[in-house]
Amino acid sequence: MKSDLKLFILAMLCVVMAGGAVLAQQNGETWRQKTSVEMQGFSMPAQTTEICVATGQNPDPAAMMRQQNNSDNCQITNQKQSGNKTSYDIKCTGKDAMEAHLELETIGNTMSGTMTAKTKDGPMTSKFEITKLGKACVDKTAAMAKQAKQINQQAMDAMSCSAMLDNAGNDVAGQYRVFFGDDMKSIRKTMAEVIGGPEEDCKKDARFPKFCSSIQTMEGFVALKGAGPEALKGCGLPEADVLDKLSQRALNEKNWDFLMRYGGDKYYSIMVDIAKRKCTGRSFTSNDPEYDTLCWRYGKALVSGDRQGALESAGVTGGSSTQTSDRAVEPGNTGSNDGGATAKPKSAIDAGRQKIRGLLGR
């Protein structure tokens, strides 16, 4: 009963508020509203309040219902006007479902009426009287709407592509989240709907080409920590070609860790061959210092054909050394494929959200 009674009282107490809310005028006239409610023997003493309605307008119950309730849940139908009398049927669905009928009569500067409703807890009746007092007032709705719009715009600015990329700085993983992150896309879409306008496409930012260039380097690709294939695809770059180029560079520079994680079958076979030739003895040391890392870290696993053991030595879990092996979890993380991609730094996003919380005073 409490939820229905709350809905009913809210509807009646807000009847005249919608006129000013919908019209959004700054100058208004004061009206006095007197409302009483009865339900299953329960009677709420008449409540008297003063509200501000736009100058020259009468309170509009239909506008009130559309303003104060979700239009998808509450519908006003069967509206009739005869002389100074008006009636509506109101139907709300969902958690606080109800059906109601509203009768209004206007005499001079006074509106009076009765609203009867059927709810799951029984019938309810409300009687009200609204009288224009004539004294001037300021309807704050317009100012509040303007302030809300400003806050929304500031929040949108804080979550803009430019602001988020500024926060990301040179962090390639942070830049990736701005350009391709689903959470960022969701935030931008929501904010665009609030403000009214198209969703911003961060890939149109002048920094996007530089990002695509940076992930074609070993340093940039590794910095993505698992999001490499998705980033290359988003940049329109052929993954196999880029990884082969990077792997060849890694081989030339003896970067065995990169080859183990991202080199795929081709470069794994090359490392096995090198290990058999260069790594000797039970301790798997090398006669050539440039192969020391390969031998002491991967030598035993490579020579014995234990590829999974070699991957684990590289700090990779839940993946295999293939052309898409960078989906495996990076050192220090745990989980299954793509785990690394979802655990990337969120500094840019967090900074933007921090700004929004500041704007909203939270």
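Is there a residue in the range 81-88 that is within 40 Å of the chain's Cα centre (by Cα) and modelled with pLDDT of 80 or more? Yes, the range 81-88 has at least one match. Residues that are buried (at least 17 other Cβ atoms within 10 Å of the Cβ), within 46 Å of the chain's Cα centre (by Cα), farther than 21 Å from Val178 by Cβ and among the aliphatic types (A, V, I, L, M) do not occur anywhere in the range 219-241.
State whether one or more residues within the range 173-195 are among the aliphatic types (A, V, I, L, M) and under 30 Å from Gly309 (Cβ atoms). Let's see the steps before the verdict.
Step one: list which residues in the range 173-195 are among the aliphatic types (A, V, I, L, M), which gives 173, 178, 184, 187, 191-192, 194-195.
In the following step, the residues that additionally are under 30 Å from Gly309 (Cβ atoms) were identified as 173.
Looking through the range 173-195, at least one residue is among the aliphatic types (A, V, I, L, M) and under 30 Å from Gly309 (Cβ atoms).
The number of residues in the range 190-204 that are at pLDDT 80 or above and either buried (at least 21 other Cβ atoms within 10 Å of the Cβ) or part of a helix (DSSP H, G or I) (or both) comes to 3. If you filter the range 243-286 down to residues that are under 23 Å from Glu219 (Cα atoms) and polar (S, T, N, Q), you find that the one that is surrounded by the most Cβ atoms within 10 Å (Cβ to Cβ) is Ser247.
Scanning the range 287-298 for residues that are exposed (fewer than 15 other Cβ atoms within 10 Å of the Cβ) and within 29 Å of Phe221 (Cα to Cα), we see that the one that is nearest to the chain's Cα centre (by Cα) is Glu290. Count of the range 284-316 residues, restricted to those that are aromatic (Phe, Trp, Tyr) and assigned to a loop (DSSP other than H, G, I, E, B), is 1. Being free of Cβ contacts under 8 Å to residues at least 60 places away in the same chain and in the same structural domain as Asp265 (by TED's automatic domain parsing) is a description that does not apply to Ala148.
For first residues located in the range 166-194 and assigned by TED's automatic domain parsing to the domain that holds Thr217 and more than 19 Å from Glu230 (Cβ to Cβ), partners that are in a helix (DSSP H, G or I) and among the β-branched types (Val, Ile, Thr) and lie 6+ apart or on another chain with Cβ distances below 9 Å form the pairs Asn167/Val178; Asn167/Ile349. Take Ser213 and decide whether it is modelled with pLDDT of 80 or more, out of contact with any Cys (no Cβ under 6 Å at 6 or more places or on another chain) and either assigned to a helix (DSSP H, G or I) or among the hydroxyl-bearing types (Ser, Thr, Tyr) (or both). Criteria met by Ser213.
Matching residues to (1) in a loop (DSSP other than H, G, I, E, B); (2) in contact with a Lys or Arg (Cβ under 7 Å, 6 or more places away or on another chain); (3) modelled with pLDDT of 90 or more:
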{"residue": "Lys225", "(1), (2), (3)": "yes, yes, no"}
{"residue": "Gly236", "(1), (2), (3)": "yes, no, yes"}
{"residue": "Asp241", "(1), (2), (3)": "no, no, yes"}
{"residue": "Tyr267", "(1), (2), (3)": "no, no, yes"}
{"residue": "Ile274", "(1), (2), (3)": "no, no, yes"}
{"residue": "Arg282", "(1), (2), (3)": "yes, no, no"}
{"residue": "Ser320", "(1), (2), (3)": "yes, no, no"}
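The values are calculated or read from the model by the stated rules, or taken from the named source; none is laboratory data. These numbers were taken from a predicted model, which means no experiment stands behind them. Neighbour counts are summed over all protein chains in view; Cβ atoms, including those assigned to glycine, are modelled from backbone coordinates with ideal geometry.
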